[in-house]
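The block underneath contains the structure these notes are about, expressed in structure tokens.
The values are calculated or read from the model by the stated rules, or taken from the named source; none is laboratory data. All of these numbers come straight from a predicted model, not from anything done at the bench. Here the Cβ positions follow ideal geometry from the backbone for every residue, glycine too, while neighbour counts run over all protein chains shown. Quick note on the areas: whole protein, heavy atoms, side chains included, nothing else; ligands and nucleic acids left out. Shrake-Rupley method; radii C 1.70, N 1.55, O 1.52, S 1.80 Å.
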Amino acid sequence: MRRFSWFNATSLTVGFAFLYLPMLILIIYSFNESRLVTVWAGFSTQWYGSLLQNQSFLDAAWVTIQVAIASSTIATVLGTMAAYVLVRGGRFMGRTVFSGMVYAPLVMPEVITGLSLLLLFIGIGLDRGIFTVVLAHTTFSMCFVSVVVSSRLVSFDKSLEEAALDLGCSPFDAFRLVTLPIIAPAVISGWLLAFTLSLDDLVIASFTAGPSATTLPIRIFSAVRMGVSPEINALSTIMIAIVTVGVVTASIVSKRSSLAQQRDEQAAARAT
Amino acid sequence: MAQTVFAPWDDPQAKPLIQFKNVTKRFGDFTAIENLTQDIYEREFFSLLGPSGCGKTTLMRMLAGFENVTEGQILIAGQDMAHVPPNKRAVNMMFQSYALFPHLSVWENIAFGLKREGKPKDEIAARVEEMLRLTRLVKFAKRKPHQISGGQRQRVALARSLAKAPKLLLLDEPLGALDKKLRQDTQFELMDIQEKTGTTFVIVTHDQEEAMTVSSRVAVMDEGRIIQVATPAQIYEAPNSVYVADFIGDVNIINGVATKAEDGYLITWAEGQAPFMAKTPNLFADGQTCHLAIRPEKVAISAERPADAVNAVEGQIIDIAYLGNISTYHVKLVNGQMIKAQAANTRRLSRRTFTWEDRVWLSWTDTAAVMLER
Ligand SMILES: Nc1ncnc2c1ncn2[C@@H]1O[C@H](COP(=O)(O)OP(=O)(O)O)[C@@H](O)[C@H]1O
Ligand SMILES: [Mg+2]
């Protein structure tokens, strides 16, 4: 047992306060009775009710969900494929360059990603709308999926795939019937990660959305410029809840079942 | 053993199932297999034996189609395998690591290959049941691989590779993880399976006893080359080199110089000592250095010089290894050379004839020792 230390307790409290106090205040004020954001006037859930009456917020939420589902699904397919090639492809021309480039969006400033995508879409004459946001979100979330999936693939016993080939599978069948079911937890957590990333992206969406496809973060941001309303607090609280559930689920899914699967696989692979 | 001797390799009419023709395999600039030519016949139980890293697994993986041949050709049933992918070969491999699918049950693991063939459901079920019975796994059909023991997993891997009734089954150290009793049971099971199914087995092992028990022929490998291929008895009784003699079983090696005698050779091995007599079908020049390989069980040990012995030499017992049924005596000759002699323990331990420090005579016949050039 470690002994209680004031230093540790203080730094933990300060650190967490720093991270979560703003959000906590937002959540508390979303239940405020008063229309004035900074004055507490008692508990109420009225703003959640009036949120449901606000058509423009509902529209934006619908767009956001469509974009998040579409982009995270495409990103998962592409990211998994990229991870597979990078881990399994063996040595091929430009492998190092390619693997570096897949991860570049992780460190690229979002403004640059957004701007370059905007230029591309204008350049090829693509009308901005839901479709372009989906493309943009796919681009930047794909590398996150790729990171998650490839870290799982690295520890994947290659002889399982060979065994599948040996038993008459085509390479695609071997992937579909053996590799994919085994790495599924990593793929699912990659999808959830991509989903939440898409859900709360503002910068890239602002560049690529255009007037016809306003996502929730864009809607909130423009509303806030008119002044913060309790409705926004309520909406933000809901988003925090969704993102939290997404992230926590992703990490639980990936941790627990990939650990379990890996253990099974190793137990099965290694003769004891 | 069958009444008619199974030896298709001696029959010039027999068509080999597998032909390695000058096969070379390189990984970068490392040569794993060097210019290897070898035929393997149908219904053989062909063992690959050799130290770790000598290329056994590589050879298997080339047969299964996981590695390309750098130079040369591999033919299976007369067909060049160069461009045939693993899934198109009538070859199944049992992996050293078993490689069972962790997300599938024992039943589904065994059925996996059959389903790929698109067989009707009831036919698959019947075949899987048969395999489960054969490998005594019926009770475990519904379990996942991590819910069964190591020995059972090994059986699943075996059943899975057997299910498709392949022409050729490759087993990469299949029994390495099992304890001795289970290993022996499984060896006999394998031989039984082969009797029943007529499958050709190529098996990698580093357990020479295993190789001796199950094989029709044994190939002893070293550094990507096959040093000798022969039946277990031939390998044991007539090794072609010190390397093979030393690799299979226990052996005494005495270095000397050969001189032709009337119906054999005299081998001068130490100054002032009578030369040893040995017979060999091979030719040695006078003065050629040679190595005498003598198995410990062919060396007799006695207190007095046996009157009629062709080869007899005196020495002192340095060590005795008691192995229950037999004892191995380590005897030092005058020139310092150590010779191992084995004797059956027909008497109780307390009444043993020889003990440490005793001076004894070792003797063997002129056909007991094998004369080797290298
Ligand atoms: N994919 C590979 N790349 C490079 N070297 C390899 C590869 N596979 C095997 N080797 C080398 O080839 C040699 C033979 O290996 P292997 O066939 O596995 O030996 P073993 O007889 O122990 O099964 C070893 O020295 C090994 O390091
Ligand atoms: Mg090996």
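Which percent of the accessible heavy-atom area of the protein assembly as shown goes to carbon and sulfur, probe 1.4 angstrom?
Carbon plus sulfur share of accessible area: 60 percent.
Taking Rh as the Kirkwood radius computed over C-alpha pairs, what is the Stokes-Einstein D of the protein assembly as shown at 37 °C in a medium of viscosity 0.692 mPa s, expressed in µm² per second?
After rounding, the answer is 105 µm²/s.
Quick one: accessible surface of B:Trp107, probe radius 1.4 Å, all protein chains present, in square angstrom to the nearest 10.
70 Å²
Under a straight-distance cross-link criterion of Cα-Cα below 16 Å, which lysines are reachable from B:Lys115, leaving out those fewer than 8 residues away in the same chain?
Counting by Cα, and skipping residues close in sequence, B:Lys115 has these lysines nearby: B:Lys88, B:Lys164.
Using amide H atoms built 1.01 Å from N in the peptide plane, name the residues 5+ places from B:Val23, or on other chains, whose amide H lies under 5 Å from its own.
B:Leu36, B:Thr37, B:Gln73
I need two numbers for segment A:55-271: Rg to one decimal and Dmax as a whole number, Cα atoms only, in Å.
Over segment A:55-271's Cα set, Rg and Dmax evaluate to 19.7, 66 Å.
In deg cm²/dmol, rounded to 500, what helix-only [θ] at 222 nm does chain A give when every DSSP H run of at least 4 residues adds -39500 (n - 2.57) and the total is split over its residues?
-24500 deg cm²/dmol
What aspartates and glutamates does B:Lys21 reach when the alpha-carbon gap must be under 13 Å and sequence neighbours fewer than 8 apart in one chain are set aside?
Straight-distance partners of B:Lys21: B:Glu34, B:Asp39, B:Glu71, B:Asp80.
Over 32 Å between Cα atoms, which of A:Lys158/A:Lys255; B:Lys15/B:Lys142; B:Lys15/B:Lys298 qualify?
Beyond 32 Å between Cα atoms: B:Lys15/B:Lys142; B:Lys15/B:Lys298.
Given the protein chains as shown and a 1.4 Å probe, how many square angstrom of B:Arg305 are accessible, to the nearest 10?
Counting only protein heavy atoms, the figure is 120 Å².
Segment A:173-243 to segment A:1-67: how many Å between their Cα centroids?
Distance between centres, Cα-based: 18 Å.
Most mobile of B:Lys298, B:Lys139, B:Lys115 per a Gaussian network model of chain B (Cα springs, under 10 Å)?
Sorting by GNM fluctuation, first place goes to B:Lys139.
What FRET efficiency, computed as 1/(1 + (r/R0)^6) with R0 = 22 Å and r the Cβ-Cβ distance, is obtained for A:Tyr103 and A:Val247, rounded to the nearest 0.05?
0.60
State, to one decimal in nm, how far the label point of A:Phe92 lies from the label point of B:Arg225, with both points 7 Å from Cα in the Cβ direction.
3.9 nm
If B:Thr367, A:Thr179, A:Thr38, B:Thr231 are ordered by their accessible area, calculated over protein heavy atoms with a 1.4 Å probe, which sequence runs from highest to lowest?
Descending accessible area places them as A:Thr38, B:Thr367, B:Thr231, A:Thr179.
Along segment A:18-24, what does the Karplus equation 6.51 cos²θ - 1.76 cosθ + 1.60 (θ = phi - 60°) give for ³J(HN,Hα), rounded to whole Hz, x for Gly and Pro?
Taking θ as phi minus 60°, the curve returns 4, 6, 10, 4, x, 5, 4 Hz for segment A:18-24.
Please give the length that would be gained between B:Thr365 and B:Ala141 if that part of the chain were fully extended, namely 0.36 nm times their separation in residues minus their C-alpha to C-alpha distance (nm, one decimal).
Gain on stretching B:Thr365 to B:Ala141: 75.0 nm.
Buried accessible area between B and A (1.4 Å probe, both chains summed, ligands and nucleic acids excluded), in Å² to the nearest 100?
Result for this pair: about 2300 Å² buried.
Accessible area per residue, 1.4 Å probe, Å², for segment B:17-65: what's the number?
37 Å²
Please figure out what share of the DSSP beta bridges in the protein assembly as shown is antiparallel and state it in percent, rounded to the nearest 5.
Of all bridge pairs located within the protein assembly as shown, approximately 75 percent are antiparallel.
Report, for segment B:8-245, the % of DSSP beta bridges that are antiparallel, rounded to 5.
Within segment B:8-245, antiparallel bridges account for around 55 percent of the total.
Please give the residues of segment B:294-319, grouped as numeric ranges, whose backbone N is less than 12 Å from a label point set 7 Å along the Cα-to-Cβ vector of B:Asp250.
Within reach of a label on B:Asp250, which here means backbone N under 12 Å from a point 7 Å along Cα→Cβ, segment B:294-319 contributes B:295-299, B:319.
Hey, can you rank B:246-259, A:90-103, A:24-37 by average C-beta count inside 10 Å, highest first?
Descending packing order for the listed peptides: B:246-259, A:24-37, A:90-103.
What 222 nm value per residue comes from the helices of chain B, counting each DSSP H run with n ≥ 4 as -39,500 (n - 2.57) and dividing by all residues, nearest 500 deg cm²/dmol?
For chain B, the value works out to -7000 deg cm²/dmol.
Counting only residues 5 or more places away or on other chains, whose amide H sits under 5 Å from the amide H of A:Glu33 once H atoms are built in the peptide plane?
Here the answer is A:Ala41, A:Gly42, A:Ser44, since their amide H atoms fall under 5 Å of that of A:Glu33.
Between exposed GluC sites (Glu not before Pro) in chain B, where DSSP calls loop and at most 10 other Cβ atoms lie within 10 Å, what's the longest gap?
For GluC sites (Glu not before Pro) (loop position, at most 10 other Cβ atoms within 10 Å), the longest site-free span of chain B is B:1-261.
For chain B, just the Cα set please: Rg and Dmax, both in angstrom.
When restricted to Cα atoms, chain B yields Rg and Dmax of 24.8, 80 Å.
With every protein chain kept in the model, how would you rank B:Trp361, B:Trp356, A:Trp47 by accessible area, 1.4 Å probe, largest at the top?
Most to least solvent-accessible, the answer reads B:Trp356, B:Trp361, A:Trp47.
Kindly sort A:Lys158, B:Lys181, B:Lys25 by accessible area of their heavy atoms, largest first, with the probe set to 1.4 Å.
B:Lys181, A:Lys158, B:Lys25
List the residues of segment B:165-201 whose backbone N lies under 17 Å from a point placed 7 Å from the Cα of B:Asp207 along the Cα-to-Cβ direction.
B:171-193
Apply the Karplus parameterisation 6.51 cos²θ - 1.76 cosθ + 1.60, with θ equal to phi minus 60°, to every residue of segment A:220-229 and state each ³J(HN,Hα) to the nearest whole Hz, in sequence, with x for glycine and proline.
Values, residue by residue: 4, 4, 6, 5, 5, 5, 7, x, 6, 10 Hz.
How much of B:Leu292 can a 1.4 Å solvent probe reach, expressed as accessible area in Å² and rounded to 10?
Taking all protein chains as shown, B:Leu292 has close to 0 Å².
Report the Cα centroid-to-centroid distance between segment B:266-345 and segment A:92-159 in angstrom, as an integer.
If we compute the Cα centre of each part, the gap is 75 Å.
Could you tally the net charge around B:Lys340, taking each other residue with its Cβ under 14 Å from the Cβ of B:Lys340, Lys/Arg +1 and Asp/Glu -1?
-1
Taking only protein heavy atoms into account and a 1.4 Å probe, give the accessible area per residue of segment A:55-271 in Å².
I get 46 Å² per residue for this part.
Step through the residues of segment B:93-110 one at a time and calculate ³J(HN,Hα) from phi using the Karplus curve (6.51 cos²θ - 1.76 cosθ + 1.60, θ = phi - 60°), rounding each to whole Hz and writing x for Gly and Pro.
Each residue's phi maps through the Karplus curve to give 10, 9, 6, 4, 9, 6, 6, 6, 7, x, 8, 10, 6, 3, 4, 5, 4, 5 Hz.
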